[in-house]
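The values are calculated or read from the model by the stated rules, or taken from the named source; none is laboratory data. Values in this document were obtained by computation on a predicted structure and should not be read as measured data. Cβ atoms come from the backbone with ideal geometry, glycine included; neighbour counts cover every protein chain shown.
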Amino acid sequence: MRTRTEDKQHTVPEFYCCYLLRSVPKKQSFYIGSTPNPVRRLRQHNGTLANGSAYRTKKTGFRPWRMIACVYGFTSKIAALQFEHAWQHSYHTHFISDDQRIVTKKTGGRTIHHKLGNVRLLIKNEYFSYMNLKVHLFCAEAAGAWAQNKFLVDCDIPNVEESMELPTNKEGLANEEDGDVVFMNQASVEKLYKIVLKTDDERIRVYQEALYHGCITCPICHKDFNYMSDEYDRKPLVAFCPSDNCRFLSHLSCLHRIFVDDEQALTGVRKLLPHSGSCPSCDEEISWATIVRYSTRLREVSDPEKVSLAHSQS
C-alpha cells in the first residue's frame, strides 16, 4: 500500500512560466506575472476572457497587452512564483546581490532593458541556474534589447528562443498601430505553448514504450526495476538520456551519484545537486533538471492501468 508521502511525490509541472507584458498604447507600462497556461492568461489580461484579469492590466487606457517575453522550465510552481516575485521586486530581492543590482529603487527599472537585464541576473543566481530555464522572446524589440545586454550582465544563457511573427513596417519594426499585432502575438504564445506540451508528450510516450518491457536492469547498480509491477517499490524514479539516438535507462539515484561524483572531480566541491553530467552510454552532456523533469512525470503517468491502456491503443 502506498504511503501518504508516496502519494504526494513531487512532479515537475508540464508548463509554468513567468512572463513580461507590455501595453500597446502605453509603451513604458509593463506587467510581470506567472501562469501554467500563458494562452488563457493573455486572453484574460486583454479582456477576451471575462474572469481572471489582474487589476493593473484592466485599467482604462492600458489594453491591449502584448506578451514580449517569457521564462519557462521551472521545476515547481513554487520556484516559478519565487522567480515572479523576485522579478517584480528586483530592487530588493535576495536572489540578486547588491553589487550586481541594476534597479535600486521601487520606482526604478521601467525600461525593457531593465526588465530583461533582471531576467539575466535571476537566471544567473545559483538557485535558478540549476533549473535549465528557457527564455522566449516574442518580438524584435525584445530580441534586440536582449542581444544588446545594455547592463553587460555576465551570464551564459544557452536556452534563448525567438519567434518573430509580428507584422513589420518598411524599417523592419513592429507596427503597433496595426490591430493584427495583438492577434499575431496571441498566436505566437499559443504556438510556443503547444510545441512545448507536444514535445514533452512525445518524449514521455517514447520513455513509456521502453518501460513496457517489464523487468529492466539498471546498468549502474545492476538491480532490477519494473514499471509494469503492481508493487510501488518496484517503480523507483528512473533516468533516461534525452538524446534521440541513445537508449540509456537507469535508476535516477544511481545517475545522480555519478553526476555528483564527476562534478566534484572537476570542481573540487561536492554539491547536493549537479548542474549536468555526461551520459554513461553516449557521453552527451545532459541537464540534471531535464532528467528529473521527465523522471517525476513518468512515475505519475506510468501506473499499471495507464501504461496498459496506452499500450493497447498504440
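What the table shows:
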| item | result |
| --- | --- |
| For residue 121: the one exception among (1) aliphatic (A, V, I, L, M); (2) closer than 26 Å to residue 148 by Cβ; (3) touching a Phe, Trp or Tyr at 6+ places or on another chain (Cβ under 7 Å) | (3) |
| Qualifying residue in the range 146-167 (condition: in contact with a Ser or Thr (Cβ under 6 Å, 6 or more places away or on another chain) and either surrounded by 14 or more Cβ atoms within 10 Å (Cβ to Cβ) or modelled with pLDDT of 55 or more (or both)) | yes |
| Residues being among the hydrophobic types (A, V, I, L, M, F, W, C) and outside any helix (DSSP H, G or I) - total across the range 85-118 | 4 |
| Unmet requirement for residue 86, which otherwise passes all of (1) surrounded by 15 or more Cβ atoms within 10 Å (Cβ to Cβ); (2) farther than 26 Å from residue 48 by Cα; (3) touching a residue at least 40 places away in the same chain (Cβ under 8 Å) | (3) |
| Members of the range 264-314 that are among the small types (Gly, Ala, Ser) and modelled with pLDDT under 65 | 308, 310, 312, 314 |
| Answer from 224, 262, 230 - the residue that is surrounded by fewer than 18 Cβ atoms within 10 Å (Cβ to Cβ), closer than 13 Å to residue 286 by Cβ, of a type outside the set (Gly, Ala, Ser) and outside the structural domain of residue 126 (by TED's automatic domain parsing) | 262 |
